[in-house]
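Worksheet for the structure shown next.
The values are calculated or read from the model by the stated rules, or taken from the named source; none is laboratory data. Every value quoted in this text rests on a predicted model; they were computed, and no experiment measured them. Heads up, the Cβs are rebuilt from the backbone with ideal geometry, glycines too, and the neighbour counts pull from every protein chain shown. Accessible surface areas use protein heavy atoms only, side chains included; no ligands, DNA or RNA. Shrake-Rupley method; radii C 1.70, N 1.55, O 1.52, S 1.80 Å.
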Amino acid sequence: MIKLDRPVIVEGKYDIIKLSGIIDSLIIKTDGFGIFKDREKQAFLRRLAREKGIIVLTDSDSAGFLIRNFINSTVPQDKITHVYIPDVYGKEKRKAEHSKEGKLGVEGISEQLLLEAFEKAGVLATESEKTERRLITNIDLYECGLSGGENSSEKRKLLLKSLSLPERLSTSSLVKILNTFVTYEEFIETLKETGLCE
């Protein structure tokens with residue numbers, strides 16, 4: 001497992017699944033062309049870029065470049081790193097037919113080619129290390145009523161709003177995103193300030 005120092009932006013959920021097996025980093029999907037109209041996600045990406053810097057990894061077809069160029073136009077240039085996968089022709093296993101251009105996307109590229117792409121982009125990667133910092137966990141969310149309980153969804157929305165994060169975040173991605181933006185202590189303090197936890 002390779003630990004990256006910045007979040008990675010990809011097109012879809014299958015890209016997330018592929019990358020989750022080889023990198024330790026927050027991975028955010030654009031929902032393909034959905035990013036063009038999703039103002040909340042655009043603002044979220046700008047915030048991520050401003051505070052952490054971002055890595056953009058899209059498919060090597062024309063759709064991937066449209067998405068990449070759109071993100072590139074909304075984020076400061078010094079806060080974005082582009083990782084490019086090579087043109088590899090073929091068909092993803094889950095699809096019945098080849099893509100329009102016949103190229104494999106991020107989900108279809110081998111792990112080795114993906115790691116080489118990150119290396120060529122100069123993205124510093126190190127072996128995952130245990131951190132001394134107390135991380136926010138799913139248990140913390142449960143204990144504070146943010147998951148698995150009555151009104152959990154509303155409580156999560158209130159927390160996300162108070163942290164200026166998108167309210168549509170799933171519970172599964174919430175922990176990683178919280179750990180990207182706030183410390184455990186800041187998380188608890190925010191919960192107290194919003195009356196979500198004693």
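So the values come out like this:
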{"read-out": "Theoretical FRET efficiency, 1/(1+(r/R0)^6), r = Cβ-Cβ of R47 and E111, R0 30 Å, to 0.05", "value": "0.50"}
{"read-out": "Percent accessible area from carbon and sulfur atoms, the chain, protein chains only, probe 1.4 Å", "value": "51"}
{"read-out": "Two-site label geometry, F70 and D87: point separation in nm, points 7 Å out along Cα→Cβ", "value": "2.3"}
{"read-out": "Bridge type composition, the chain - antiparallel percent by DSSP, nearest 5", "value": "25"}
{"read-out": "Selection from L113, S62, T171, by position along the positive dipole direction of the chain (Cβ)", "value": "S62"}
{"read-out": "Longest exposed-site-free window of the chain, the sites being trypsin sites (Lys or Arg not before Pro) in a DSSP loop that have at most 10 other C-beta atoms within 10 Å", "value": "134-198"}
{"read-out": "Whole-number accessible area per residue in Å² for the chain, which is evaluated in the context of all protein chains at 1.4 Å", "value": "56"}
{"read-out": "Value of [θ]222 nm, deg cm²/dmol, for the chain, DSSP H segments ≥ 4, -39500 (n - 2.57) each, nearest 500", "value": "-12500 deg cm²/dmol"}
{"read-out": "Built amide H within the under 5 Å cut-off of I80, gap 5+", "value": "I54"}
{"read-out": "Most fluctuating residue given options G53, G12, G21, as computed from a GNM of the chain linking Cα atoms under 10 Å", "value": "G21"}
{"read-out": "Within the chain: Cβ-based charge dipole about Cα centre, in debye rounded to nearest 20 (Lys, Arg +1; Asp, Glu -1)", "value": "500"}
{"read-out": "Zone residues, segment 5-21, relative to D31, backbone N less than 18 Å from point 7 Å out along Cα-to-Cβ", "value": "9-17"}
